[in-house]
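Heads up: the structure comes next, in C-alpha cells.
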Amino acid sequence: MRVISLCPSNTEIMEYLGMSHLLVGVDDYSDWPASIASLPKLGPDLSINIDLVEELQPDLVLASLSVPGMEKNVEALVERGIPHIVLNPQSLTDIEEDLIKTAEALNQLDRGKQAAKEFRERLDAVKQQGLKINKKPYLYWEWWPKPIFTPGKINWLTEISEAAGAFNVFHDVELASVQTDWEDVLSRKPDFICLAWVGVRKEKVQKNNVTNRPGYETLGFADNSSILILEEELYCRPSPRLLEGLEKLFTLIH
C-alpha cells in the first residue's frame, strides 16, 4: 500500500507499527524516523498541498485534527475522494486506540493490537514506579512563552506527569491548552519548570528565558537544575514517542 502522513504524530505511529516503509509522502514537519528524510514533502501540516497528495496516488492518507486549522486538509480529501482516516488523539488511551485504528485501515489489525499491547505494558511499567513515589513534585509545563500556553487537565502531559509520579500544576483547568501569565505560574509554586516549546529545537531554548522573568527568585529554587529543557518532539506530539519522553522525565525529576 501507498500511504501518506499529514502530520508528525501520524508518521511516528507508522514507525511504531513497523510500517513506515509504506510511506510515500509526509508533511514538512515530520522528522522521525530518519528513513523518511528523502520522501516527498507535502507542505506544512496546516496547509498541505493536496494536488501533490493526489499526484502520489495514495491508497490511504493519515489525516489529523490534532491542531486547530487542520480541518481544511480533511475537507479537501473528502472533496477529491481520496481515501483517508482522521486521527485526533487527546490522551494516551487515544494514542493506543489509534495504533489499532491505523493498522486496521492497513489490513494489519493483529499488528496494531500487538503494538497497542506493547504501548500499554511500557506505560504501565513506569506507572508502577510512579506509584512508589511518596512526595510527588509539581510540574509547570510551558508550550509557548509569549503569551504563555500550558497544558490543562484534558491533555496527555497531565497523564504523563501523573504516570511519572508527579502533578501538572494546571491539572485543575478543564482545558487541553491554557493561555495564562507568569504571575499565575508563580502562584502555583512548581517544583520543576519543564520547557518544551512547540516547533522549537531544544538547543535554541535557554534557562535564562525563565530566570530573567520578574519574580523568578520567589520560587526558591536552590539552583537552576529545576528548569528542564526538554525535546518538544518527545512531549508535544500525540504519538507513541511520548513513552520515551515519560521514561526520560521520570529519571530527571526523581
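The values are calculated or read from the model by the stated rules, or taken from the named source; none is laboratory data. From a predicted model like this one, the values you see are computed outputs, not experimental measurements. Using ideal geometry, Cβ is built from the backbone for each residue, glycine included, and neighbour counts are taken over all protein chains shown. These accessible areas exclude ligands, DNA and RNA; they are computed on the full protein's heavy atoms, side chains included. Shrake-Rupley method; radii C 1.70, N 1.55, O 1.52, S 1.80 Å.
When the residues of the range 91-113 are filtered to those that are assigned to a loop (DSSP other than H, G, I, E, B) and open to solvent by less than 60 Å² (accessible area, probe 1.4 Å), the one that is modelled with the highest pLDDT is 106. What number goes with the only condition from (1) in a helix (DSSP H, G or I); (2) out of contact with any helix residue (DSSP H, G or I) (no Cβ under 8 Å at 6 or more places or on another chain); (3) closer than 14 Å to residue 246 by Cβ that residue 133 does not pass? If we test residue 133 against (1) in a helix (DSSP H, G or I); (2) out of contact with any helix residue (DSSP H, G or I) (no Cβ under 8 Å at 6 or more places or on another chain); (3) closer than 14 Å to residue 246 by Cβ, just (1) comes out false. Any residue at all in the range 189-208 that is touching a residue at least 24 places away in the same chain (Cβ under 8 Å), over 24 Å from residue 244 (Cβ atoms) and open to solvent by 10 Å² or more (accessible area, probe 1.4 Å)? Yes, because at least one residue in the range 189-208 is touching a residue at least 24 places away in the same chain (Cβ under 8 Å), over 24 Å from residue 244 (Cβ atoms) and open to solvent by 10 Å² or more (accessible area, probe 1.4 Å). The residues in the range 30-81 that are surrounded by 14 or more Cβ atoms within 10 Å (Cβ to Cβ) and assigned to a helix (DSSP H, G or I) can be counted, and the count is 9. Residue-level check: of (1) modelled with pLDDT of 95 or more; (2) open to solvent by 70 Å² or more (accessible area, probe 1.4 Å); (3) of a type in the set (A, V, I, L, M), residue 178 misses just (2). Report whether or not residue 187 is at pLDDT below 95 and over 18 Å from the mean Cα position of the chain (by Cα). In short, no.
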